[in-house]
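Working notes, beginning with the structure itself.
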Amino acid sequence: VGRQRGAGLGGGHDEREQTLNQMLVEMDGFESNEGVILIAATNRPDVLDPALLRPGRFDRQVVVSTPDLRGRERILQVHTRRTPLAKDVDIAVIAKGTPGFSGADLENLVNEAALQAAKLNKDRLNMSDFEYAKDKVLMGKERRSLVLSDEEKKITAYHEAGHALTAKLLPGSDPVHKVSIIPRGRALGVTMQLPEEDRHGYSRNYLRNNLVILLGGRVAEEIIFTDITTGAGNDIERVTKMARKMVCEWGMSEKIGPQTVGETQQEVFLGREWTQNSAVSAEMARLVDSEIKGLVDEARERCRTLLTENIDALHAIASALLERETISGDEIDILMRGEKLPPFQTDDANDEFKLEPADGPENTEAAQSPDSAAAPAESEKDDAQTEQEAPEAQGETPAEPEKPANGSFPGRWDSFSAPSDRKDDK
Ligand code: ZN
């Protein structure tokens, strides 16, 4: 109702505008409407009618942004009020690990965790359920049924290793949360970075580094393989968008300086001033293009240097990915120091999967498969706390039986997709 009057394609006398007129009249009319409090909410403050924003209309304006650490903790407390939690669940740790989540995301997280616990026939939610849910909310659901060829897997592994390694090497970048070559949604692999704290603004250096990280996948492909793939399409799109924003919106180009170039596009029906697109001279357009290209080229060059100088780490991360499918940021640190990763960890995943219907020949392999899913959840819990916990956890549960299975990828993929898919059908 509060949308700007007279804009868009409709006439000026539709009902909505009449309603707004009447409301404005009532709000500052001569008679006082005592006892009436008017509250309104919008997620498009940019298209509000200016009359609504004048003094005396809405006296208080409360901006609701995504919750900060404390906010997330409180929101989680609300949503877990009627959820039975196990003792190992620490709401504060979950809140710390979910920067940028909105209230709805957090609610979704709790829901997904509860669903996961229910799937495993548990009567309480463990921390591992929350970790699972977090990955699902952040990265999308795993598509275990999609079988990749060995070649595709290898390319994906190097691609993601390129992202992860550059993210690790560039100072000030968001820490790498997890790298995975399990297909999720439309992606064949995922490298997930999670900021340590809530971020409210970005520096030019941070953004320049981010361009390098985004290009990391493609550049790794270029270095390792003779040919390149379509897998970097989304990365390239994001690089271009970010570089354009840096130049045109954020004034981060030396040659153009702090000025907005071009209008940001607005939808006609919502918007305003749709006839007033500011003109950009051909010269400026050329300059913008060359500045964008300059940013991207520079990032690509830096990326190539970084990856060639650390080619050993790139190989190590890629082969660890091929072996385990998912590795955590801490495990990448180990690999970058040139050390070997500890063997797969079994853990609470074991009792989870005892409840699985074990049928026939799949039995043995189904028992192994959860480890690949549980290992990251376990190690991921570590990075929320301290690094020292990793060796301890292995000490508790030596994982000898799983080791031989590592090499047999096809079996693991098939066996894993079978039980979980069956459950989804219900
Ligand atoms: Zn990529």
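Taking segment 258-298 as the region of interest, how many residues are open to solvent by less than 60 Å² (accessible area, probe 1.4 Å), modelled with pLDDT of 70 or more and in a loop (DSSP other than H, G, I, E, B)?
Going through segment 258-298 one residue at a time, the tally reaches 2.
For the structure I just gave you, tell me whether Glu237 is open to solvent by 50 Å² or more (accessible area, probe 1.4 Å), among the acidic types (Asp, Glu) and either touching a residue at least 40 places away in the same chain (Cβ under 8 Å) or near the ligand (Cβ under 9 Å from one of its atoms) (or both).
Values: open to solvent by 50 Å² or more (accessible area, probe 1.4 Å): yes; among the acidic types (Asp, Glu): yes; either touching a residue at least 40 places away in the same chain (Cβ under 8 Å) or near the ligand (Cβ under 9 Å from one of its atoms) (or both): no.
No: the conditions fail for Glu237.
I'm checking my understanding of the structure. Among residues of segment 185-203 that are more than 13 Å from the ligand (Cβ to nearest atom) and at pLDDT below 85, which one is surrounded by the fewest Cβ atoms within 10 Å (Cβ to Cβ)?
Residue satisfying both the conditions and the ranking: His200.
Test each condition in (1) more than 11 Å from the ligand (Cβ to nearest atom); (2) open to solvent by 40 Å² or more (accessible area, probe 1.4 Å); (3) not in a loop (DSSP other than H, G, I, E, B) for Ala243 and report the one that comes out false.
(2)
Could you count how many residues in segment 204-223 are more than 14 Å from the ligand (Cβ to nearest atom) and among the β-branched types (Val, Ile, Thr)?
In the first step, residues of segment 204-223 are kept if they are more than 14 Å from the ligand (Cβ to nearest atom); the result is 204-209, 223.
Checking the rest, the ones that are also among the β-branched types (Val, Ile, Thr) come to 223.
Adding up the residues that qualify gives 1.
Residue by residue, here is whether (1) more than 16 Å from Asp330 (Cα to Cα); (2) open to solvent by less than 10 Å² (accessible area, probe 1.4 Å); (3) within 13 Å of the ligand (Cβ to nearest atom) holds:
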position	(1), (2), (3)
Leu146	yes, no, no
Asp150	yes, no, no
Lys154	yes, no, no
Glu160	no, no, yes
Ala164	no, yes, yes
Gly172	yes, no, no
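Could you run through segment 165-194 and say how many residues are part of a loop (DSSP other than H, G, I, E, B), of a type in the set (A, V, I, L, M, F, W, C) and within 13 Å of Leu138 (Cβ to Cβ)?
Residues flagged as part of a loop (DSSP other than H, G, I, E, B), of a type in the set (A, V, I, L, M, F, W, C) and within 13 Å of Leu138 (Cβ to Cβ) within segment 165-194 amount to 1.
Looking only at segment 66-98, which residues are part of a loop (DSSP other than H, G, I, E, B) and open to solvent by 90 Å² or more (accessible area, probe 1.4 Å)? Full working, then the answer.
Keep residues of segment 66-98 that are part of a loop (DSSP other than H, G, I, E, B), which gives 66-68, 80-84, 86-90, 97-98.
Scanning segment 66-98 gives Arg81, Arg82, Lys87.
Just to check your reading of the model, which residue among Phe130, Phe101 is without any contact (Cβ under 8 Å) to a residue 60 or more places away in the chain, open to solvent by less than 30 Å² (accessible area, probe 1.4 Å) and either closer than 30 Å to Thr226 by Cβ or not in a loop (DSSP other than H, G, I, E, B) (or both)?
From the options Phe130, Phe101, the qualifying one is Phe130.
The values are calculated or read from the model by the stated rules, or taken from the named source; none is laboratory data. Fair warning: this is a prediction, and the values are worked out from it, not measured in the lab. Cβ sites come from the backbone with ideal geometry, for glycine too, and all protein chains shown count toward neighbours. Surface areas here come from the heavy atoms of the whole protein model, side chains and all, with no ligands, DNA or RNA. Shrake-Rupley method; radii C 1.70, N 1.55, O 1.52, S 1.80 Å.
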